[in-house]
1. Given points 7 Å out from each Cα along the Cα-Cβ axis, report the S5 to A23 separation in nanometres with one decimal.
2. In degrees, nearest 10, range 0 to 90: what is the angle between the Cα axis of helix 246-260 and the longest Cα principal axis of the chain?
3. State the three equivalent ellipsoid semi-axes of the range 4-111, derived from the C-alpha gyration tensor as the square roots of 5 times its eigenvalues, in descending order and whole Å.
4. Taking a virtual spin label 7 Å from the Cα of D233 along the C-beta vector, which residues in the range 369-395 bring their backbone nitrogen under 18 Å of it?
5. Quote the charge dipole size of the chain about the Cα centre in Debye, to the nearest 20; the model charges only the Cβ of Lys and Arg (+1) and of Asp and Glu (-1).
6. Which of the following values of mean projected area of the Cα convex hull in nm² was calculated from the structure shown: [x] 28.5; [y] 22.4; [z] 50.0?
7. What number, rounded to the nearest 500 deg cm²/dmol, is the helix-based mean residue ellipticity at 222 nm of the chain, given -39500 (n - 2.57) per DSSP H run of at least four residues and division by all its residues?
8. Please state the equivalent ellipsoid semi-axes for the range 331-377: what are the square roots of 5 times the Cα gyration tensor eigenvalues, largest first, in whole Å?
Amino acid sequence: MKKFSEMEYVRPDTEQAKKELAALTEQLKKAETYEEARAAFLEMDKGNRHVMTASTIAQIRHDINTKDAFYDGESKFWDSEMPKLQEAMMPFVMAMLESRFRPQFEEEFGDLYFRNAEIQLKSFSPAIVEDMMEENRLTSEYEDLLASAQVPFEGKTYTLSQMTPFKNDPDDARRLAAWQAEGQWYKDHQEQLDSIYDSLVHLRDRMGRKLGYDGYTELGYYRMGRNCYDRNDVEKFRNAVQKYLVPVAAEVFEEQAVRLGKTYPMSYADNALEFRSGNPKPQGSAQDILKAGLKFYNELSPETSKFFNTMMDYELMDVLSTEGKRGGGYCTGLYDYNVPFIFANFNGTQGDVEVVTHEAGHAFAAYMNAERIPSDYIWPTMEACEVHSMSMEFFAENWADDFFGSDARKYRYSHLAGALKFIPYGT
């Protein structure tokens, strides 16, 4: 297998891909035997994997350096083309749902494909293709704007990710100054940020109404792929969070205020500091963190060892925070190569370790599922994905000493407290 830097990117002929998809749809409809229908299904999945691999390589390379003119152009191409490809896919999806061989497909591949296909029909129509293209353009504009941020602080200039250590500094005045400096950048770009947000709200509301819903909320649930629960279930969950977890989270915040000598509720700047002596910090450099991660995965299981060595050997992680790089972190898949890819922004905080555990939890699940057919089965729903990532974070706590040294005890507390505090925020 090639390293990521060696993987060739060639923009696929998407018009030809659409023609091939139309031909496969006819082949599926006219199939006289399950074997013929199955062959069309497998060929569709193979073609889809190839197109998705190309678009993902382009997106990763654009995100690593949003100033790269070539990949910026490719990112814009895929923003425009993906909704059209989804439109071209829908006749095949309909043919699968109506196929007389559906029982045989369900017996071999399970019924999940069909449940998800029914959700696709509820979340897509040719009437919203232009809206989806505009939605992609606006979200890319937002991400590129954040990636371009240059925040002046203490005589130097930093990206938003690089500001994070200063926003966690144990010195109250310096920490507050860092928050104010970053806040000023947002204030300076308020008009553009507000315009993007307002445009997206109205655009998505319009998309929902075009599909016959009262607004975007119901469409949003379908687009999340929620195939076994609905907004009523989520409402019950939120009520339980409010009743049982919010009081616990409030106690955690109150104890934090006491440790810091602050009054609860605290400011954003004070909430960012867990301990008066400073937040837990990883020991060593980015390479030291990855080395500790390798030790963790080697010792955890033979499967995780093979997985993480593959990630390291084939450059399937880009973790350093650099100018022009998109913010945040994510895990995605390179289907032609049957491997995941981790994108992140190390900045010298405990979040660096959580990338090696959280995003690698996603990646390990995808790695173990890489050869599943159809490729839609590689990733579960958005919420189910977090089971893999959060579980891996907690598996890693027994190796906290390797990552944090003398700060390991502080990390274990901070990690558990952070997980508890996130649930009310996340719901």
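FYI, it's all coordinate maths here, none of it is from the lab. None of the values given here were measured: they were computed from a predicted structure. A quick note on method: Cβ atoms are made from the backbone with ideal geometry, for glycine too, and the neighbour counts reach across all protein chains shown.
1. It is 3.9 nm.
2. 30 degrees
3. They are 33, 14, 11 Å, listed largest first.
4. 379-388
5. Using Cβ point charges on Lys, Arg, Asp and Glu, the chain gives about 600 debye.
6. Recomputing mean projected area of the Cα convex hull in nm² here gives the entry labelled [y].
7. Taken over the chain, the calculation gives -21000 deg cm²/dmol.
8. Taking √(5λ) for each Cα gyration eigenvalue gives 25, 9, 6 Å.
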